[in-house]
Structure formats: structure tokens, C-alpha cells
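Structure, as C-alpha cells:
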Amino acid sequence: MTRRYDPERRQRIIDAAIRVVGRGGIAGLSHRTVAAEADVPLGSTTYHFGSLDELLIAALRQANEGFAAKFLEHGSFAGPGRDIADELARVAGEWLARDRTGVELEYELYLAALRRPGLRPVAAEWGAAVAELLAPHTDPATARALIALVDGICLQVLLTDTEYDAAYAREMFARLLPTVR
């Protein structure tokens, strides 16, 4: 039996898992549903991902990369003299303005770590990346508080179906940041 070389298969499986979760939530995720979505044999999903948690970790890591990339793409936190509150408000607004289903999916994967301890280190990665960006501008405790506030504001927008209010977000971020003297 000849094995077909398919270097993209693992990525197609991850992409399929993200689509499955996007349509039906994590409860709808199984090796079988992902294999059907990716149009691969069931054995391929279990070959690349021995458990659903392994598959969720890969999907969450990919979702995290999208969120962290939003913070990194403009280099908006680089250099001294930046208005960090304004930058955080702008980036959060841009992220929420994307496809809402995609943003909800990213949070669903992120929040899955509440029930799946194996996902927690991956869920924490984006926060660590953002804290690193904020490090030149504030202390570690304030950076963590700002990250928690970003999460809180974004979740409230998603859960209440309200519009993102950049002015409110900027004001709340500014309250956490020490004033420059």
C-alpha cells in the first residue's frame, strides 16, 4: 500500500476543527466530524492528534496567533511616548470589528481552558505576548490588569450584543495606567 504524501493534511485538520467549532461549538467536535469536514480519513485525525485536547490545543494556538497578530501588526506599542490607552482601545476595536463569528470562536476556544486544563498554558500565551509588548510602558501587574480589562470589555461586547465603545475603553485603560509626569 502506497502512502499518499500530504504535507498540508495536519493544517487542513486544524482548519476543519476551527470550522466545526465555529458552527456547532466545542460540543460538536469529534475526530469523526473533523475528518468529514477536512475530507480526510478518520485515521488521519487520530494520527496527527491523539486526543481532542491535542486538536483543541492546535486550534487555540492558531486562534491566539490571530489575536496576538492584531496587537503586533502595526508596531503600535513600539517606542516611547505612545498613548498606550489609545493604542489598546484601537487594537481591541479593530479585532472586534472583524468577522464576529471568528471572534466568538476565538473566545470559545480560549474559554474552553476553564474545563480542559491541558489548554490553559496555550490560553495564557496570548496574554504573555501582550504583556511583553506592554512591558516597556508599564509594570507587570498593570500589564496583567490591562489584559484582563481587554478581555472583560471584549467579552461584554460579545455577550451583550452592544457596539464597542472606543472612548469608554480608552478611558478605562487610561485609569489603569500611571500618568506620565
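Counting only heavy atoms of protein chains, what accessible area per residue, in Å², does the chain have with a probe of 1.4 Å?
About 56 Å² of surface per residue is accessible.
Within 12 Å, Cβ to Cβ, of Val21, how many net charges do the neighbouring residues add up to if Lys/Arg are +1 and Asp/Glu are -1?
Net charge in that neighbourhood comes out at -3.
Rounded to a whole number, what % of the accessible area of the chain do carbon and sulfur atoms account for, probe 1.4 Å?
So the carbon and sulfur contribution to the accessible surface is 55 percent.
Between the range 121-140 and the range 1-69, what is the C-alpha centre distance in whole Å?
With the range 121-140 and the range 1-69 each reduced to a Cα centre, they are spaced 27 Å.
Under 1.5 on a/c is rounded, so check that first for the range 121-181, then, if it is not, pick prolate when a/b is larger than b/c and oblate when it is not; a ≥ b ≥ c are the square roots of the alpha carbon gyration tensor eigenvalues.
oblate
Tell me what the chain gives for mean residue ellipticity at 222 nm when only DSSP H runs of n ≥ 4 count, each as -39,500 (n - 2.57), the sum divided by the residue total, rounded to 500 deg cm²/dmol.
-22000 deg cm²/dmol
Hey, what do the phi angles of the range 121-138 turn into as Karplus ³J(HN,Hα) couplings, whole Hz, using 6.51/-1.76/1.60 and θ = phi - 60°, x for Gly and Pro?
x, 6, 4, 7, 4, 5, x, 5, 5, 5, 4, 5, 5, 7, 3, x, 10, 7
For the range 95-102, just list the computed ³J(HN,Hα) in residue order, Karplus coefficients 6.51, -1.76 and 1.60, θ = phi - 60°, integers in Hz, with x standing in for Gly and Pro.
5, 5, 6, 5, 4, 4, 4, x
From a point 7 Å beyond the Cα of Glu104 in the direction of its Cβ, which residues of the range 149-171 have a backbone N at a distance under 20 Å?
151-165
Which whole-number percent gives the relative contact order of the chain, counting Cα pairs below 8 Å spaced six or more residues apart?
It comes to 22 percent, rounded to a whole number.
Between Glu54 and Asp161, what is the spin-label point distance in nm, taking each point 7 Å from the Cα along the Cα→C-beta axis?
4.1 nm
May I ask you to order 30-39, 53-62 by the average number of other C-beta atoms within 10 Å around their residues, highest value first?
The most tightly packed comes first, giving 53-62, 30-39.
The values are calculated or read from the model by the stated rules, or taken from the named source; none is laboratory data. Remember, it's a predicted structure, so these values are computed and weren't measured experimentally. No Cβ is skipped: glycine too gets one built from the backbone with ideal geometry, and neighbour counts run over all protein chains shown. Heavy atoms of the whole protein, side chains included, go into the accessibility calculation; ligands, DNA and RNA do not. Shrake-Rupley method; radii C 1.70, N 1.55, O 1.52, S 1.80 Å.
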